[in-house]
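This report concerns only the one structure given below.
The values are calculated or read from the model by the stated rules, or taken from the named source; none is laboratory data. Only a predicted model underlies this, so the values are computations on that prediction, with no experimental measurement involved. Reconstructed Cβ throughout: ideal geometry from the backbone, glycine too, with neighbour counts over all protein chains shown. Note: accessible area is taken over every heavy atom of the protein model, side chains too, but ligands, DNA and RNA are not part of it. Shrake-Rupley method; radii C 1.70, N 1.55, O 1.52, S 1.80 Å.
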Amino acid sequence: MWLTQLLERNRQCFGDRVALADARRSLTWAELAHRAEALSVTLGALGVRHGDRVAVLSRDRVEVLETYFALGRIGALFVPVDPALVPGEVAEITEHAKVAGIIGESELLERLDTAPGTAGPDAPWRLSFDDSRHRDAATTSPAAAPASAGEEPVVRADDPVAVLYTSATAGHPKGVVVDHRSVKDIALGWLAVAAPPAEAVLVTCCPLFHGTVVLTLAHLAAGTTVVIPGSDAPPKDIVASAQQHRATHLWLVPETLRALLDHLGTHEDAALPDSLTEVLYGAAPMPVGLYAAAARTLGCGFRQVYGLTEAGGPFVTLAPAEHPDPHGDLPDALPVGRVIPGMSVRIADDAGRPLPTGERGEILVRGDGRMRGYWRDPAATDEALVTGWLRTGDIGHLDETGCLHLLDRKTDLIIRNGRNVYPAEIERVLRRHPAVADTAVVGVADPVEGEVPLALVVLAPGAQVSRDDIMSHLAARTAAYKTPKDVQIVETLPRNSAGKVQKRLITA
């Protein structure tokens, strides 16, 4: 029961130190351990038992992580739900997971009533964070509280701890089942290479309902203070949180970093604290120009995080010392880094056979950190797991130093007249145009060539450039078969909560 061990260890070692903080409250490690234990008793009184699934529907706040720890103590599984989903989408997840109940913010729980039957027969109860039963749990002595299920359940390393639904950039979300061993192994492997000190303060701008929460849990394992401004917090709130808590680490996606830089550049009184030593970024590709601008502005180290919900979270990292000098010559793309201890990576062909160093193929990963499988979907599990290796769906290669380079998503590959076209290569060229702030390239059907690239471009503020100018920029820098058939200038690109472009929503 890794989560409970983590909590008890940090209560003993750092009891009076702040463990979690958001805009409303902060909790010391001693308080968090107490509240999680008391809440586990309350949940037990509601009938939650070992192996049950409980949906957590809330915006990012202290109570979300508190609930994860409480459920982990029981041996029940937390099922985070994106608070942006409409009632019908929430129903799809709760019914698929066969949840025993739903816990979360009252406003979001009340919204479910706008669609009769949303919770379904598999969610017999709802518990709001504002409910007296939840509030009383925080003030009840766990030792004095009546145990509703007899002795404390035995939670083993291979017991599932969560069903994490994917962000569904390619279709319907799938429930990724991870166990306590997965969370533990990823955390220990991550801490072995990233090594945040116990006195570190991490401001996390990544969702707590997403697979990115595993990195937050890894930092909590070190005793780090985690500050939660919210994944949808505006830049001014991120800056305020970082200043108030003297942040040492900042965890965000590239789009949040871009917005943060814009804010710092337009508000003379806005600044991140001089305590900041490291920016962690991931979940979506980092444009080299954005990294360089941020590194020059912030003057701290940058660490890339490459992970996958199915792989258990972050399993590859590019350390600050391995990033290029932001003041010097920059490469076309950044590598994603080296695999963490306890996990293995290799490059394979379509049949799963390993390829030599330097050759492009699908990235495979294995280790105790990877998922157990997809919830109630054995066919998808069998397709994803091949002789113990997880097929990531990403295309890349390993260099002679063991550094992993990411090329593109396998599903994004465009085959034009029999030739492979990787959208990420075209996107990198587009981002080198000074007027281009953001871009995405997708494949569209063509009666002659089968499939051709289509480029969507978001212009930088105040930029004025024509489609023909951008096409000329591409033609001078890419082979003819890679050059998009068309370029469309748009206001925004569709992105999910993790900052990834939802290419399936883009049409010609």
Seminar exercise, completed: Of every hundred units of 1.4 Å-probe accessible area on region 371-508, the number belonging to carbon and sulfur atoms, as a percent, is 51
Exercise. Per q in 0.16, 0.21, 0.22 1/Å, what log10 I(q)/I(0) does a Debye calculation on the alpha-carbon atoms of region 349-409 return?
Worked result: -0.54, -0.86, -0.92
For this session: For region 149-252, give the share of DSSP beta bridges that are antiparallel, in percent and rounded to the nearest 5; count only bridges with both residues there.
Result: 45
Problem set entry | region 387-426 - Rg and Dmax from Cα coordinates, angstrom | 12.2, 35
For this session: Determine, for each peptide in 95-107, 378-390, the mean count of other beta carbons within 10 angstrom over its residues, then list the peptides with the highest first.
Result: 95-107, 378-390
Exercise. When each pair of different Cα atoms in region 275-360 is counted once in the 1/r mean, what is the Kirkwood radius in angstroms, to one decimal?
Worked result: 14.5
Exercise. How big is region 301-412 by the Kirkwood estimate over distinct Cα pairs, in Å?
Worked result: 14.7
For this session: For region 253-291, run through the GluC sites (Glu not before Pro) and keep only the ones in DSSP coil with at most 11 other Cβ atoms within 10 Å of their Cβ.
Result: 268
Problem set entry | Estimated inter-spin distance, residue 387 and residue 243, nm [label 7 Å along Cα→Cβ] | 5.7
Exercise. Just for the chain, what percent of DSSP beta bridges are antiparallel, to the closest 5?
Worked result: 60
Exercise. If the convex hull of the alpha-carbon atoms of region 407-508 is projected onto planes in all directions, what is the mean projected area in square nanometres?
Worked result: 6.6
For this session: Would you calculate a helix-derived [θ] at 222 nm for the chain, using -39,500 (n - 2.57) for each DSSP H run of n ≥ 4 and dividing by the full residue count, to the nearest 500?
Result: -9000 deg cm²/dmol
Problem set entry | Percentage, to the nearest whole number, of Cα pairs in region 182-226 over 11 Å apart | 62
Seminar exercise, completed: In debye to the nearest 20, the charge dipole size for the chain, taken about the Cα centre with +1 at each Lys and Arg Cβ and -1 at each Asp and Glu Cβ, equals 460
Exercise. Tilt of helix 62-74 relative to the longest C-alpha principal axis of the chain, in degrees (0 to 90, nearest 10)?
Worked result: 60
Problem set entry | Overall dimensions of region 162-304 as given by Cα atoms, namely Rg and Dmax in Å | 15.4, 47
Exercise. Taking the highest mean first, how do the peptides 460-470, 488-498 order by number of other beta carbon atoms within 10 angstrom per residue?
Worked result: 488-498, 460-470
Exercise. When the C-alpha atoms of the chain are aligned to their principal axes, what extent does each axis show, in angstrom, from largest down?
Worked result: 74, 53, 48
Problem set entry | Neighbourhood charge, 15 Å Cβ-Cβ cut-off, centred on residue 449 and excluding it, Lys, Arg +1 and Asp, Glu -1 | +1
For this session: Output the relative contact order of region 167-262, whole-number percent, from Cα pairs under 8 angstrom with separation of 6+ residues.
Result: 31
Seminar exercise, completed: In terms of the alpha carbon gyration tensor, root eigenvalues a ≥ b ≥ c, rounded if a/c is under 1.5 and otherwise prolate when a/b exceeds b/c or oblate, region 457-508 is oblate
Exercise. Rounded to the nearest 5, what is the percent of antiparallel bridges among the DSSP beta bridges in region 1-108?
Worked result: 25
Seminar exercise, completed: region 176-236 and region 388-461 have their Cα centres apart by a whole-number Å value of 29
For this session: Calculate, for residue 130 and residue 355, the FRET efficiency according to 1/(1 + (r/R0)^6) with r their C-beta to C-beta distance and R0 56 Å; round to the nearest 0.05.
Result: 0.55
Exercise. To the nearest 0.05, what FRET efficiency results for residue 449 and residue 158 with a Förster distance of 60 Å applied to their C-beta separation?
Worked result: 0.75
Problem set entry | Relative contact order (%) - region 284-365, alpha-carbon pairs under 8 angstrom, separation at least six | 23
Problem set entry | Per-bin percent of Cα-Cα distances, region 1-120 [5 Å] | 2, 12, 21, 21, 18, 14, 8, 3, 1, 0
For this session: Rank by packing, highest mean first: peptides 363-374, 201-212, with packing defined as the count of other Cβ atoms within 10 Å averaged across residues.
Result: 201-212, 363-374
Problem set entry | Scattering profile of region 369-462 at q = 0.12, 0.16, 0.20, 0.23 Å⁻¹ [log10 I(q)/I(0), Debye over alpha-carbon scatterers] | -0.59, -0.89, -1.02, -1.09
For this session: Treating the angle as unsigned and between 0 and 90°, give the value, to the nearest 10°, between the Cα long axis of helix 29-45 and the longest Cα principal axis of the chain.
Result: 70
